[in-house]
1. Scan the stretch 98-114 residue by residue and report those that are more than 13 Å from residue 134 (Cβ to Cβ) and either part of a helix (DSSP H, G or I) or open to solvent by less than 20 Å² (accessible area, probe 1.4 Å) (or both).
2. Being of a type outside the set (A, V, I, L, M) and modelled with pLDDT under 85 is the filter here; which residues of the stretch 38-51 pass it?
3. Of the numbered conditions (1) open to solvent by 20 Å² or more (accessible area, probe 1.4 Å); (2) assigned to a helix (DSSP H, G or I), residue 81 satisfies every one except a single condition; which is it?
4. Of the residues that sit in the stretch 51-78 and are surrounded by fewer than 14 Cβ atoms within 10 Å (Cβ to Cβ) and part of a helix (DSSP H, G or I), which one is nearest to the chain's Cα centre (by Cα)?
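The values are calculated or read from the model by the stated rules, or taken from the named source; none is laboratory data. Everything numeric in this text was worked out from a predicted model, so none of it was measured. Note that we place each Cβ from the backbone using ideal geometry, even for glycine, and neighbour counts take in every protein chain shown. Heads up: the accessible areas ignore ligands, DNA and RNA and are worked out on the full protein's heavy atoms, side chains in. Shrake-Rupley method; radii C 1.70, N 1.55, O 1.52, S 1.80 Å.
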Amino acid sequence: MTISTGESLITAADIDDLITRVRQTAGDPGPLESAKATLFSGDGDGAGTGPDPEAARLIRQRLLVTALRHGGALLAKLLSRLSPRETAMVRRYAHRLANFLDTLEVWAAQPVMLALMRFGLPYGEAETIAVAVLLLVG
């Protein structure tokens with residue numbers, strides 16, 4: 001598994017892909033467009049510093065939940081960090097995982113792991129998937 005260097009692993013192209021996918025299901029892409037503008041066009045103060053790190057993390061979390069529901073390039077980034085068996089499990093339980101992540105106020109490995117284990121995943125796979133999720137949005 002690759003460790004993040006602090007740079008966002010989510011790109012503007014990933015968000016564009018999600019916008020297209022949400023539009024295809026007759027969903028409202030407005031929140032995604034706002035997220036993209038916030039993450040990639042600075043915070044409006046002219047300094048080009050981008051959003052507050054906490055706000056950016058919350059936006060990335062929302063983007064991942066959307067990717068779990070709609071698929072696409074961002075979900076592929078998550079799955080590329082996993083074994084074929086773990087990938088199959090994420091695909092199988094993507095909507096349930098997205099619904100669970102929607103309920104979390106604080107994303108941490110242990111609650112995500114426990115939820116995945118309740119879905120029927122073994123400990124090792126649940127742990128790897130939880131860490132991959134957190135690294136992607138971290």
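1. Once the filter is applied, which keeps residues that are more than 13 Å from residue 134 (Cβ to Cβ) and either part of a helix (DSSP H, G or I) or open to solvent by less than 20 Å² (accessible area, probe 1.4 Å) (or both), the stretch 98-114 yields 98, 99, 100, 102, 103, 114.
2. Answer for the stretch 38-51, where residues must be of a type outside the set (A, V, I, L, M) and modelled with pLDDT under 85: 40, 41, 42, 43, 44, 45, 46, 48, 49, 50, 51.
3. (2)
4. 76
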